[in-house]
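Here is the structure we will look at, set down as structure tokens.
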Amino acid sequence: MSLRLPRAVTEIRWVPAAAAAFAVFATACLSIALLYARARDAQRAEVRQNLIRVAQAAAAVVDADLHRTFKAPDQERTENYRIAVSRLRAIRYSVEAVRFLYTVVLVDGQPRYVLDAGTLGNQSDQGSGRHRHIMEPHPAPDPALLAALRESRSTAEDRSSSDQGS
């Protein structure tokens with residue numbers, strides 16, 4: 001003699017089990033998504049800090065007195081420019097994550113390029129875009145760049161850009 005439960009009883013038992021399974025699955029998915037977001041943010045922050053350290057190292061190798069002498073694009077063909085930019089190029093080529101490395105000064109409230117570690121001319125240099133000339137205005141300075149120039153501190157942009165910097 002076998003005892004069978006009515007169909008309504010067996011159908012009711014799987015509903016709480018399915019609901020519990022769904023709750024566990026949803027909790028696991030949410031936990032994974034939150035962990036992923038935190039890990040991504042931590043990685044971005046670390047990359048940004050590393051780039052800032054590279055910028056600080058680059059600033060340390062720039063001869064400030066020589067840097068102040070660069071006022072016109074025709075100086076890019078001089079030996080002094082070659083010497084000044086060679087140190088930045090050495091840093092740029094030694095750190096794979098650095099695609100752009102340049103110095104910028106504030107002239108009448110407008111950021112202007114001075115040294116650009118990219119290749120002179122409009123040649124593409126490892127994805128660096130075109131060369132920025134001495135005293136060329138920065139096309140679209142963001143507030144972080146302006147604040148860094150006013151406060152004399154190093155910065156690294158959060159966004160990637162094929163032409164302006166990262």
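Throughout, read-outs are computed from the coordinates displayed, never taken from laboratory work. All figures in this text were calculated on a predicted structure; none of them were measured in a lab. Cβ sites come from the backbone with ideal geometry, for glycine too, and all protein chains shown count toward neighbours.
Observations, loosely collected:
- Database remark: amide H of residue 115 closer than 5 angstrom to the amide H of 103 (H placed geometrically; neighbours at sequence offset of 5 or more, or on other chains; Pro and chain starts carry no H).
- Each of residue 152 and residue 52 was given a label point 7 Å from its Cα along the Cα-to-Cβ line. The distance between the two points is 1.8 nm.
- Shape category assigned to region 7-151 from the gyration tensor of Cα positions, a/c cut at 1.5: prolate
- Mean separation of Cα contacts under 8 Å (6+ apart) over length of region 7-151, as relative contact order %: 16 percent
- For region 141-153, putting each phi into the Karplus relation 6.51 cos²θ - 1.76 cosθ + 1.60 with θ = phi - 60° gives couplings of x, 8, x, 5, 5, 4, 5, 4, 5, 5, 9, 6, 9 Hz, in residue order, rounded to whole numbers and with x for Gly and Pro.
- Gain upon complete extension [residue 72, residue 95; 0.36 nm per residue less C-alpha separation]: 5.4 nm
- Label-point separation in nm, residue 140 to residue 86, each point 7 Å along Cα→Cβ: 3.6 nm
- In order along region 46-57, the phi-based Karplus estimate (6.51 cos²θ - 1.76 cosθ + 1.60, θ = phi - 60°) of 3J(HN,Hα) comes to 5, 4, 4, 5, 5, 5, 5, 5, 5, 4, 5, 5 Hz; Gly and Pro are listed as x.
- Inter-label distance, residue 105 to residue 65: 1.5 nm, where each label sits 7 Å from its Cα along the C-beta direction.
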